[in-house]
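Participant: Below is a structure I'd like to ask you about.
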């Protein structure tokens with residue numbers, strides 16, 4: 001799908017549909033408002049009624065005239081009936097009625113008839129009425145009656161026409177509204193469909209993103225593992241090569257010159273090989289030990305004085321050089337009790353001390369200081385050794401990592417890694433500060449017992 | 001203990017009795033409840049009778065009827081309204097009196113619900129009495145300052161304030177505009 005096509009289908013088409021929907025709604029509302037207005041409009045439906053009453057009055061006048069003709073003494077009010085008829089005539093000449101007569105083409109005749117009826121007044125005043133007068137009156141009223149019949153017919157047709165037209169209009173309007181509503185329905189369906197598609201697309205995108213994230217994680221893991229193997233390989237090649245070379249050289253010498261060698265020389269070679277073998281065994285032991293330690297940790301967090309614990313580790317001194325000086329101090333006036341496992345703390349501090357011992361010359365002192373900082377109780381071990389380069393510092397707690405500056409000293413790169421892991425297990429942390437050639441400070445911080 | 005209780009009962013009945021008296025007295029002051037118990041005679045018409053009212057009214061001037069000439073009607077508080085009608089063009093000025101003022105004068109029974117209005121041509125229509133209290137319905141004697149004559153919708157025309165109330169712009173109210181009014185029967 002091209003970009004333009006995509007844009008058209010995803011945005012422009014729904015937008016057009018929405019505009020169309022709004023337009024259709026507006027039209028429907030307009031049509032409905034027209035119907036509503038038409039419903040309030042009172043048509044001239046009462047025209048039939050008006051004509052009927054006028055006709056009736058003329059008939060009633062005609063009736064009393066006949067009674068008068070039959071019996072001149074009859075108690076009838078001719079003038080009153082005549083006036084009633086005139087009042088109806090006047091009504092026919094009022095605005096709406098007059099317009100109706102005009103519309104149906106009877107206005108001229110109405111005017112003629114009115115003039116004729118109004119001229120009857122002198123006749124009605126005469127008493128008694130003679131036959132000729134009666135005949136004139138009767139004739140005029142008959143004529144008017146015929147006119148009224150015609151008018152009522154027209155009124156009737158006009159009314160029915162108007163009614164029919166109204167019904168037609170309403171029916172058309174309703175039909176139009178039905179069509180509009182169907183169109184609105186289709187527009188709504190289309191928009192809903194588009195919405196569903198958009199929703200599906202967004203979910204799909206989300207899923208793809210999630211997958212990518214997952215893949216990235218896996219990649220990261222793979223990378224770490226491969227780095228681990230590389231570090232391990234590097235460490236092994238460095239640490240194992242020297243003892244193996246020693247063994248190899250000693251054996252070569254024995255093979256080539258065994259006969260010429262004195263027993264003392266042979267023993268000397270054998271001792272060298274044994275030492276190298278022991279070194280190898282020690283390396284393998286320490287690698288395995290680290291895994292065992294982390295896998296089989298049986299941790300029990302308890303309240304312990306970190307100062308007491310560390311002093312005990314220093315006193316054991318098993319791993320320190322014979323003449324090494326270790327100064328111990330603790331912050332005064334502070335509660336230095338931490339939540340920790342004493343066995344794990346001994347392991348960490350022991351590691352710090354043995355590192356300090358290994359990487360600094362024997363005539364320098366190691367300073368151990370216990371203090372409290374915020375919610376932590378910390379132990380820092382400071383040496384005056386060779387220090388760690390800036391480049392190596394960030395990796396110092398990684399497994400199998402060995403700083404470039406310590407290639408001459410045997411080590412597996414496991415000790416500090418284990419220390420960091422064990423500190424984390426106790427919800428503590430290990431940090432390092434170091435300057436190349438002036439020494440390192442390793443610090444273990446454990447949660448203060450108040451944090452329980 | 002028993003004595004106190006008895007006294008309590010006594011005072012309650014006393015209060016009840018007083019309340020009852022008050023209610024009765026108040027009732028007697030409402031004119032609508034007064035259905036002809038104290039008839040008050042109306043003046044007799046001097047001029048030509050143009051309107052006759054009968055039915056549930058308490059004041060009469062001829063047997064059970066009340067008859068009015070134009071002067072008697074115009075003696076009521078004058079009222080004016082401007083409205084268009086269905087049989088004329090444009091807005092017209094109508095002068096006359098409020099129908100309810102006429103009813104006030106006649107002392108209508110509280111049982112009255114309908115008014116049968118009939119015209120000179122014997123047109124008869126039933127109007128709900130409530131109309132006259134809900135709207136300022138006029139008994140018009142003049143249109144555009146000209147006295148209404150029998151020959152032109154007079155002498156009296158029931159006129160609703162059609163323009164000022166949307167509800168009245170309806171064919172169901174238009175037929176209540178009785179012109180050439182001559183008789184009202186309250187029931």
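Participant: Which numbered condition trips up residue A:303, out of (1) farther than 23 Å from residue A:438 by Cβ; (2) buried (at least 17 other Cβ atoms within 10 Å of the Cβ); (3) touching a helix residue (DSSP H, G or I) at 6+ places or on another chain (Cβ under 6 Å)?
Facilitator: Of (1) farther than 23 Å from residue A:438 by Cβ; (2) buried (at least 17 other Cβ atoms within 10 Å of the Cβ); (3) touching a helix residue (DSSP H, G or I) at 6+ places or on another chain (Cβ under 6 Å), only one is false for residue A:303: (2).
Participant: With the structure loaded, tell me whether residue A:426 is under 18 Å from residue A:227 (Cβ atoms) and in the same structural domain as residue A:306 (by TED's automatic domain parsing) or whether it fails that test.
Facilitator: Numbers: under 18 Å from residue A:227 (Cβ atoms): no; in the same structural domain as residue A:306 (by TED's automatic domain parsing): yes.
For residue A:426, the condition - under 18 Å from residue A:227 (Cβ atoms) and in the same structural domain as residue A:306 (by TED's automatic domain parsing) - is not met.
Participant: Moving on. Select from the range B:175-185 the residues that are part of a loop (DSSP other than H, G, I, E, B) and out of contact with any helix residue (DSSP H, G or I) (no Cβ under 8 Å at 6 or more places or on another chain) and write down the one among them that is farthest from the other protein chains (Cβ to nearest Cβ). Outline the logic, then answer.
Facilitator: Here is the first cut: in the range B:175-185, the ones part of a loop (DSSP other than H, G, I, E, B) are B:175-178, B:180.
Then drop every residue that is not out of contact with any helix residue (DSSP H, G or I) (no Cβ under 8 Å at 6 or more places or on another chain), which leaves B:175, B:177-178.
Details: B:175: 8, B:177: 11, B:178: 13 Å.
Applying the filter and picking the extreme gives B:178.
Participant: Within the range A:33-51, is there a residue that is modelled with pLDDT of 90 or more, assigned to a helix (DSSP H, G or I), away from chain B (no Cβ under 11 Å) and in contact with a helix residue (DSSP H, G or I) (Cβ under 7 Å, 6 or more places away or on another chain)? Reasoning before the result, please.
Facilitator: The first filter runs over the range A:33-51 and keeps only residues modelled with pLDDT of 90 or more, leaving A:51.
In the following step, the residues that additionally are assigned to a helix (DSSP H, G or I) were identified as A:51.
Subsequent filtering for residues that are away from chain B (no Cβ under 11 Å) retains A:51.
This time we only want the ones that are in contact with a helix residue (DSSP H, G or I) (Cβ under 7 Å, 6 or more places away or on another chain), so: A:51.
Yes; the residues of the range A:33-51 include at least one that is modelled with pLDDT of 90 or more, assigned to a helix (DSSP H, G or I), away from chain B (no Cβ under 11 Å) and in contact with a helix residue (DSSP H, G or I) (Cβ under 7 Å, 6 or more places away or on another chain).
Participant: In the range B:157-174, is there at least one residue being more than 14 Å from every other protein chain (Cβ to nearest Cβ) and in a helix (DSSP H, G or I)?
Facilitator: No, the range B:157-174 has no match at all.
This table checks each residue for (1) out of contact with any helix residue (DSSP H, G or I) (no Cβ under 9 Å at 6 or more places or on another chain); (2) loosely packed, with under 15 Cβ neighbours inside 10 Å.
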position: A:241; (1), (2): yes, yes
position: A:247; (1), (2): no, no
position: A:251; (1), (2): no, yes
position: A:255; (1), (2): yes, yes
position: A:269; (1), (2): no, no
position: A:274; (1), (2): yes, yes
position: A:277; (1), (2): no, yes
position: A:285; (1), (2): yes, yes
position: A:292; (1), (2): yes, yes
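Participant: Of the numbered conditions (1) assigned to a loop (DSSP other than H, G, I, E, B); (2) out of contact with any helix residue (DSSP H, G or I) (no Cβ under 9 Å at 6 or more places or on another chain); (3) not assigned by TED's automatic domain parsing to the domain that holds residue A:359, residue A:261 satisfies every one except a single condition; which is it?
Facilitator: The one condition residue A:261 does not meet is (2).
Participant: Identify the single condition in (1) closer than 30 Å to residue A:118 by Cβ; (2) within 14 Å of chain A (Cβ to nearest Cβ); (3) out of contact with any helix residue (DSSP H, G or I) (no Cβ under 6 Å at 6 or more places or on another chain) that residue B:152 does not satisfy, given that it satisfies every other one.
Facilitator: (3)
Participant: Every residue in the range B:87-125 that is within 14 Å of chain A (Cβ to nearest Cβ), in contact with a strand residue (DSSP E or B) (Cβ under 7 Å, 6 or more places away or on another chain) and either assigned to a loop (DSSP other than H, G, I, E, B) or crowded, with 19+ Cβ neighbours inside 10 Å (or both), please.
Facilitator: Initial filter on the range B:87-125 (within 14 Å of chain A (Cβ to nearest Cβ)): B:87-92, B:118-125.
Keeping just the survivors that are in contact with a strand residue (DSSP E or B) (Cβ under 7 Å, 6 or more places away or on another chain) gives B:90-92, B:118-120, B:124-125.
Within the range B:87-125, B:90, B:119, B:120 meet the criteria.
Participant: In addition: Identify the residue in the range A:66-88 that is within 14 Å of chain B (Cβ to nearest Cβ) and surrounded by fewer than 19 Cβ atoms within 10 Å (Cβ to Cβ) and, among all such residues, is nearest to residue B:122 (Cα to Cα). Step through it out loud before you land on a result.
Facilitator: So the first thing to find is which residues in the range A:66-88 are within 14 Å of chain B (Cβ to nearest Cβ), and the list is A:77, A:79-88.
Remaining after also requiring surrounded by fewer than 19 Cβ atoms within 10 Å (Cβ to Cβ): A:77, A:79-80.
Details: A:77: 15, A:79: 17, A:80: 13 Å.
Here the answer is A:80.
Participant: Answer yes or no as to whether residue A:145 is surrounded by 12 or more Cβ atoms within 10 Å (Cβ to Cβ) and within 23 Å of residue A:21 (Cα to Cα). Steps first, answer last, please.
Facilitator: Values: surrounded by 12 or more Cβ atoms within 10 Å (Cβ to Cβ): yes; within 23 Å of residue A:21 (Cα to Cα): no.
Considered against the rule, which asks whether it is surrounded by 12 or more Cβ atoms within 10 Å (Cβ to Cβ) and within 23 Å of residue A:21 (Cα to Cα), residue A:145 comes out as no.
Participant: Which of the residues belonging to the range B:60-84 are buried (at least 16 other Cβ atoms within 10 Å of the Cβ) and at pLDDT below 90?
Facilitator: B:60
Participant: Let me ask something else about it. Would you mind telling me which numbered condition in (1) within 14 Å of chain B (Cβ to nearest Cβ); (2) at pLDDT 90 or above; (3) farther than 27 Å from residue B:120 by Cα residue A:93 fails?
Facilitator: Against the list (1) within 14 Å of chain B (Cβ to nearest Cβ); (2) at pLDDT 90 or above; (3) farther than 27 Å from residue B:120 by Cα, residue A:93 comes up short only on (3).
Participant: What number of residues in the range B:126-142 are surrounded by 15 or more Cβ atoms within 10 Å (Cβ to Cβ) and either farther than 30 Å from residue A:81 by Cβ or within 11 Å of chain A (Cβ to nearest Cβ) (or both)? If you could, list the steps in order and put the result at the bottom.
Facilitator: Filtering the range B:126-142 for residues surrounded by 15 or more Cβ atoms within 10 Å (Cβ to Cβ) gives B:127, B:129, B:131-132, B:135-142.
Filter once more, so that each one left must be either farther than 30 Å from residue A:81 by Cβ or within 11 Å of chain A (Cβ to nearest Cβ) (or both): B:129, B:131-132, B:135-136.
Count: 5.
Participant: Being in the same structural domain as residue A:442 (by TED's automatic domain parsing), surrounded by fewer than 17 Cβ atoms within 10 Å (Cβ to Cβ), under 24 Å from residue A:286 (Cα atoms) and out of contact with any helix residue (DSSP H, G or I) (no Cβ under 6 Å at 6 or more places or on another chain) narrows it down to one residue among A:308, A:315; which is it? Outline the logic, then answer.
Facilitator: On the way: A:308 fails: under 24 Å from residue A:286 (Cα atoms).
It is A:315.
Participant: Here is a list of conditions, (1) more than 28 Å from residue A:100 (Cβ to Cβ); (2) within 14 Å of the chain's Cα centre (by Cα); (3) touching a residue at least 60 places away in the same chain (Cβ under 8 Å), and residue B:128 meets all of them except one; can you say which number that is?
Facilitator: In the conditions (1) more than 28 Å from residue A:100 (Cβ to Cβ); (2) within 14 Å of the chain's Cα centre (by Cα); (3) touching a residue at least 60 places away in the same chain (Cβ under 8 Å), residue B:128 misses (3) alone.
Participant: Taking the range A:55-65 as the search range and keeping residues that are in contact (Cβ under 8 Å) with a residue 12 or more places away in the chain and within 10 Å of chain B (Cβ to nearest Cβ), which one is surrounded by the fewest Cβ atoms within 10 Å (Cβ to Cβ)?
Facilitator: The qualifying residue surrounded by the fewest Cβ atoms within 10 Å (Cβ to Cβ) is A:60.
Participant: Hey, can you tell me all the residues within the range A:52-67 that are more than 26 Å from residue B:155 (Cβ to Cβ) and in contact with a helix residue (DSSP H, G or I) (Cβ under 8 Å, 6 or more places away or on another chain)?
Facilitator: The initial filter retains those residues of the range A:52-67 that are more than 26 Å from residue B:155 (Cβ to Cβ), namely A:66-67.
A:66 - this is the single residue of the range A:52-67 that is more than 26 Å from residue B:155 (Cβ to Cβ) and in contact with a helix residue (DSSP H, G or I) (Cβ under 8 Å, 6 or more places away or on another chain).
Participant: With the condition kept exactly as written, say whether any residue in the range A:375-384 is in contact with a helix residue (DSSP H, G or I) (Cβ under 8 Å, 6 or more places away or on another chain) and within 30 Å of residue A:275 (Cβ to Cβ).
Facilitator: Yes - at least one qualifying residue is present in the range A:375-384.
Participant: Does residue A:118 meet the test of being surrounded by fewer than 19 Cβ atoms within 10 Å (Cβ to Cβ), within 16 Å of residue A:142 (Cα to Cα) and within 14 Å of another protein chain (Cβ to nearest Cβ)? Give the derivation first.
Facilitator: Numbers: surrounded by fewer than 19 Cβ atoms within 10 Å (Cβ to Cβ): yes; within 16 Å of residue A:142 (Cα to Cα): yes; within 14 Å of another protein chain (Cβ to nearest Cβ): yes.
When the stated conditions are applied, residue A:118 passes them.
Participant: In the range B:69-86, how many are within 14 Å of chain A (Cβ to nearest Cβ) and part of a strand (DSSP E or B)?
Facilitator: To start, the set of residues in the range B:69-86 that are within 14 Å of chain A (Cβ to nearest Cβ) comprises B:84-86.
Pick out the ones that are also part of a strand (DSSP E or B) and you get B:84.
Here the count works out to 1.
Participant: Regarding residue A:13, is this residue in contact with a helix residue (DSSP H, G or I) (Cβ under 8 Å, 6 or more places away or on another chain), loosely packed, with under 15 Cβ neighbours inside 10 Å, in a helix (DSSP H, G or I) and not assigned by TED's automatic domain parsing to the domain that holds residue A:143? Give the steps one after another, and end with the answer.
Facilitator: Values: in contact with a helix residue (DSSP H, G or I) (Cβ under 8 Å, 6 or more places away or on another chain): yes; loosely packed, with under 15 Cβ neighbours inside 10 Å: yes; in a helix (DSSP H, G or I): yes; not assigned by TED's automatic domain parsing to the domain that holds residue A:143: yes.
The answer is yes for residue A:13.
Participant: I've got another one for you. Name the residues in the range B:39-48 that are away from chain A (no Cβ under 14 Å) and either touching a helix residue (DSSP H, G or I) at 6+ places or on another chain (Cβ under 7 Å) or free of Cβ contacts under 8 Å to residues at least 40 places away in the same chain (or both), would you? Let's see the steps before the verdict.
Facilitator: Initial filter on the range B:39-48 (away from chain A (no Cβ under 14 Å)): B:39-47.
The answer is B:39, B:41, B:43, B:44, B:45, B:46, B:47.
The values are calculated or read from the model by the stated rules, or taken from the named source; none is laboratory data. Every value quoted in this text rests on a predicted model; they were computed, and no experiment measured them. A quick note on method: Cβ atoms are made from the backbone with ideal geometry, for glycine too, and the neighbour counts reach across all protein chains shown.
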